[in-house]
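A.B. asks: First the structure, then my questions, so here it is.
Since every read-out is calculated from the coordinates, none of them should be taken as a lab result. A quick note: this is a predicted structure, and the numbers were derived from the prediction, not measured. Every residue, glycine as well, gets a Cβ built from its backbone with ideal geometry; the counts of neighbours run over all protein chains shown.
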Amino acid sequence: MRYALLACLLLPLAHEALAGDEKATVKAETLLATGTSWDGEVYKAYPGGAPELSIVKMTIPAHTALSWHEHPMPNAAYILSGTLTVEKYDGAKKTIHAGQALAEMADSIHRGVTGNTPVTLVAFYAGANGLGVTKPIPSP
């Protein structure tokens with residue numbers, strides 16, 4: 001599945017490179033390949049129903065704590081700029097920086113917190129039609 005998604009994302013780039021220069025070389029770098037979220041929890045399954053992939057680009061202002069939430073499906077994020085600290089409801093934390101990818105948690109309460117600079121990230125969700133990518137949770 002992950003290789004098929006990678007191929008779908010790279011194919012248009014490869015075609016564009018070849019159209020402009022017959023000697024162009026496509027380079028591919030795997031940013032993340034895992035069956036667990038950043039806290040070591042194994043992904044249990046993809047949601048049932050008609051598959052729906054979502055890619056969301058998000059910019060979070062400096063000094064911002066997102067609301068507590070869960071994702072009902074496996075997902076990952078790639079940090080384009082800034083530094084983001086991801087916190088679990090139980091206090092566990094992981095900090096990621098620009099150029100790093102994070103395997104997010106599914107069905108586990110967490111939030112993101114920014115520091116002195118805004119954060120821009122791209123999140124990839126492997127869900128199901130009509131499921132939604134985020135479920136808000138009341139603050140502790």
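A.B. asks: Hey, can you grab everything whose amide H is under 5 Å from the amide H of S108? Only 5+ residues off in sequence or another chain; H modelled, so Pro and N-termini drop out.
C.D. replies: H71
A.B. asks: Give, in whole angstrom and from largest to smallest, the semi-axes √(5λ) of the equivalent ellipsoid of the stretch 69-124, with λ running over the eigenvalues of the Cα gyration tensor. Display every interim value, and only then the final one.
C.D. replies: Values: eigenvalues 65, 37, 13 Å².
Listed largest to smallest, the semi-axes of the stretch 69-124 are 18, 14, 8 Å.
A.B. asks: Moving on to the next point. Residues of the stretch 90-130 with amide nitrogen under 17 Å from the 7 Å Cα-to-Cβ point of A33?
C.D. replies: Backbone N within reach: 101-103.
A.B. asks: Extension gain T64-D107, at 0.36 nm per residue separation less the Cα-Cα distance, in nm?
C.D. replies: Details: separation 43, 0.36 × 43 = 15.48 nm, distance 2.25 nm.
Full extension from T64 to D107 adds 13.2 nm.
A.B. asks: What ranking do W38, W68 get, fewest neighbouring Cβ atoms within 10 angstrom at the top?
C.D. replies: Values: W38 20, W68 16.
The order, fewest Cβ neighbours first, is W68, W38.
A.B. asks: Using the Kirkwood formula on the Cα atoms of the stretch 34-136, what hydrodynamic radius do you get, in angstrom to one decimal?
C.D. replies: Details: mean 1/r = 0.0726 Å⁻¹.
Evaluated over the stretch 34-136, this radius sits at 13.8 Å.
A.B. asks: Computed FRET efficiency, Cβ-Cβ of Q100 and A128, R0 25 Å: what is it to the nearest 0.05?
C.D. replies: Working: r = 28 Å, r/R0 = 1.10.
Efficiency, rounded to the nearest 0.05: 0.35.
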